[in-house]
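Here is the structure we will look at, set down as structure tokens.
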Amino acid sequence: MNHLFSNLEQVKKVVLTPAFGLIFDVDGTIAEIAPTAEEVKVTPGCQKYLRSLVPRLPLVAAISGRLIKVLRELVGVDGIVYNGNHGLERWVGGRIEVRPEAQPYIAKIRVVIEELGPVLKPLGVKFEDKGAGLVFHYRTLPNREEVKETILKAIDRSPAAQAFHIDKARAVIELRPPLEISKGSVVRELIEGYHLKSAVYLGDDVADIDAFDTIRSLSRGAEFQGLAIGVVGEETPPEVTEHVDLVLRGVSEVEAFLGWLDETIPSKTG
Ligand SMILES: [Mg+2]
């Protein structure tokens, strides 16, 4: 494993190429993993350096499975392009932008809510509107198994709901657009959309592999230089390190790397 801090000359070449973008995962990368999602906190050091880097780079972006509203609060830095809900939504210019392929699903969710609201809400089912998706919460109801069956039957009878992928793996039922969106496709879009000539991607998990592969395959051309940086520790799945160029050990070293970037990236002139 090549450690990032042993290869600073290589890293410097990438980060000092103009139109450099910084793209990262959140949980396990700039925030330590905690027993529950609510306990996760981004380190104050990471926040400080990100805040300082945002005005100096064409793109600072976060990609996470969390919803934008949660993600923005968690990272707490303005000017970051937040990509939430597995890339279905993006926070840019002060508002949530739902990706074009997901757009048609917003109207479909409205129809689902109109159709199923009168049937399910009186039973105590809570609807969490995710824009292009919808979550039915029923876990706290006393007759939850019965309610779950009623929800699934109602979905079965609704043509609008049938347009969605139905996820009933957890103690909720979720309608999600049946789209092939990954961290990799988001990374590619960001690099192209922001006309980046170089970028790094930092991530810690198997969900990031596709983003690592994307940044490395784009780097094969002469037009773009990128680095896939794995944030590794005791529990890192071995396949993660097979897909990265360089590694950092844990969130504390990510913080040190952001501090180094903060010193290395020149201030914007003119
Ligand atoms: Mg992660």
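The values are calculated or read from the model by the stated rules, or taken from the named source; none is laboratory data. Computed from a predicted structure; not experimentally measured. Cβ sites come from the backbone with ideal geometry, for glycine too, and all protein chains shown count toward neighbours.
Quick one: would you say R66 is under 15 Å from the mean Cα position of the chain (by Cα), within 15 Å of the ligand (Cβ to nearest atom), of a type in the set (D, E, K, R) and farther than 18 Å from V232 by Cα?
yes
Please verify whether segment 126-145 includes one or more residues that are over 20 Å from V200 (Cα atoms), part of a helix (DSSP H, G or I) and not hydrophobic (A, V, I, L, M, F, W, C).
Checking segment 126-145: at least one residue is over 20 Å from V200 (Cα atoms), part of a helix (DSSP H, G or I) and not hydrophobic (A, V, I, L, M, F, W, C).
So if I check each of K108, K130, K121, which one is touching a helix residue (DSSP H, G or I) at 6+ places or on another chain (Cβ under 6 Å) and of a type in the set (D, E, K, R)?
It is K108.
Starting from residues that are among the charged types (D, E, K, R) and part of a helix (DSSP H, G or I), keep the ones in segment 232-270 and report whichever is farthest from V187 (Cα to Cα).
Applying the filter and picking the extreme gives E263.
Of all residues in segment 165-190, which are over 21 Å from the mean Cα position of the chain (by Cα), in a loop (DSSP other than H, G, I, E, B) and surrounded by 13 or more Cβ atoms within 10 Å (Cβ to Cβ)?
Selection gives K168 alone.
Can you tell me which residues in segment 191-202 are surrounded by 20 or more Cβ atoms within 10 Å (Cβ to Cβ) and assigned to a helix (DSSP H, G or I)?
Correct list: I191 only.
Within segment 203-231, can you find the residues that are among the small types (G, A, S), away from the ligand (no atom under 16 Å from the Cβ) and either surrounded by 18 or more Cβ atoms within 10 Å (Cβ to Cβ) or in a loop (DSSP other than H, G, I, E, B) (or both)?
Correct list: S219, G221, A222, G226.
Specify the residue that is farthest from the chain's Cα centre (by Cα); the eligible residues are those in segment 18-39 that are at pLDDT below 95 and among the β-branched types (V, I, T).
Checked segment 18-39; the qualifying residue farthest from the chain's Cα centre (by Cα) is T36.
For the structure I just gave you, tell me whether T17 is within 15 Å of the ligand (Cβ to nearest atom), more than 22 Å from E174 (Cα to Cα) and not aliphatic (A, V, I, L, M).
In short, no.
Might you let me know whether segment 42-53 holds any residue that is in contact with a strand residue (DSSP E or B) (Cβ under 7 Å, 6 or more places away or on another chain) and closer than 24 Å to A19 by Cα?
Yes: segment 42-53 contains one or more residues that are in contact with a strand residue (DSSP E or B) (Cβ under 7 Å, 6 or more places away or on another chain) and closer than 24 Å to A19 by Cα.
V111 is checked against (1) outside the structural domain of A222 (by TED's automatic domain parsing); (2) β-branched (V, I, T); (3) part of a strand (DSSP E or B) and fails just one. What number does that condition carry?
Only one criterion in (1) outside the structural domain of A222 (by TED's automatic domain parsing); (2) β-branched (V, I, T); (3) part of a strand (DSSP E or B) is unmet by V111, namely (3).
I need every pair where a residue in segment 25-47 that is in contact (Cβ under 8 Å) with a residue 12 or more places away in the chain has its Cβ under 9 Å from the Cβ of a residue that is of a type in the set (F, W, Y) and surrounded by 16 or more Cβ atoms within 10 Å (Cβ to Cβ), sequence separation at least 6 or different chains.
Between residues of segment 25-47 that are in contact (Cβ under 8 Å) with a residue 12 or more places away in the chain and residues that are of a type in the set (F, W, Y) and surrounded by 16 or more Cβ atoms within 10 Å (Cβ to Cβ), the close pairs are D25/Y201; I30/F24.
Could you grab me the full set of residues in segment 16-55 that are of a type in the set (A, V, I, L, M, F, W, C), over 24 Å from G65 (Cβ atoms) and surrounded by fewer than 21 Cβ atoms within 10 Å (Cβ to Cβ)?
Residues satisfying the conditions are L16, A19.
Condition (residue is away from the ligand (no atom under 14 Å from the Cβ) and touching a strand residue (DSSP E or B) at 6+ places or on another chain (Cβ under 9 Å)) applied to segment 25-34: is it met by at least one residue?
Within segment 25-34, not a single residue is away from the ligand (no atom under 14 Å from the Cβ) and touching a strand residue (DSSP E or B) at 6+ places or on another chain (Cβ under 9 Å).
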